[in-house]
Amino acid sequence: MSETPAAPKLTFKPVTKSTWKDFEALFESKGAPSYCWCMPFREMEDRAKSGNAERKKGMKAYVNKRKPVGLVGYLKGEPVAWCSVAPRDTFLKTLTDKYDPEKSEGVWSITCFFIRRDMRGEGLTPSMLEAAIKYARKRGAKIVEGYPVASTSPSYRFMGFLPLFRKAGFKAAGKAGSRRHVMRKRSG
């Protein structure tokens, strides 16, 4: 009986002005989501007319304003993974049907995972989720929320899958639309 090899060990850094180039390189790599720049659930000017360049500028504006947007995962100093994690009130209200601005303080949302194409299948997502939880808690999160889908879902797969969040101790808190599940983990 053979053991499953351990996932490569990643290190993580928040996307800031000093790590922007790493984030940019990751998002411009082959197969990366440079079409969205992780902006679908974030405020931006003239969303309907925005293309890739405008979405990239929108994300850069968040970073320049020092708003948390997420973490880049590195393998041996090279950017290979991304996890969007930020205070829920920095996202659009359409992110979840359960959104209540009055009750958003202390709630952080995990909205996206991306792994560079050549690193997929290496088991990196659980360590990304763990790093996102730690990052949010260190910045005052009382609740960390994710919006995973069933593995059979035809859409929103970038938000992660239910077993990943369940294994990390998240509990069901409702649904957001017809496919996304609202999963929550309390700090402490």
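Only the coordinates and a few stated rules stand behind these numbers; no lab work does. As the structure is a computational prediction, the values presented were derived from the model and not from experiment. FYI the Cβ positions are ideal-geometry reconstructions off the backbone, even for glycines, and counts take in every protein chain you see.
Below, the figures for the structure above:
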| item | result |
| --- | --- |
| Answer from 9, 13, 76 - the residue that is surrounded by fewer than 21 Cβ atoms within 10 Å (Cβ to Cβ) and either more than 25 Å from residue 117 (Cβ to Cβ) or touching an Asp or Glu at 6+ places or on another chain (Cβ under 9 Å) (or both) | 13 |
| Residue match in the stretch 55-70 (condition: assigned to a loop (DSSP other than H, G, I, E, B), more than 19 Å from residue 135 (Cα to Cα) and out of contact with any strand residue (DSSP E or B) (no Cβ under 7 Å at 6 or more places or on another chain)) | no |
| Inter-residue pairs, beta-carbon under 7 Å, first in contact (Cβ under 8 Å) with a residue 40 or more places away in the chain and under 21 Å from residue 40 (Cβ atoms) and in the stretch 132-156, second part of a loop (DSSP other than H, G, I, E, B) and among the polar types (S, T, N, Q), 6+ apart | 147/96 |
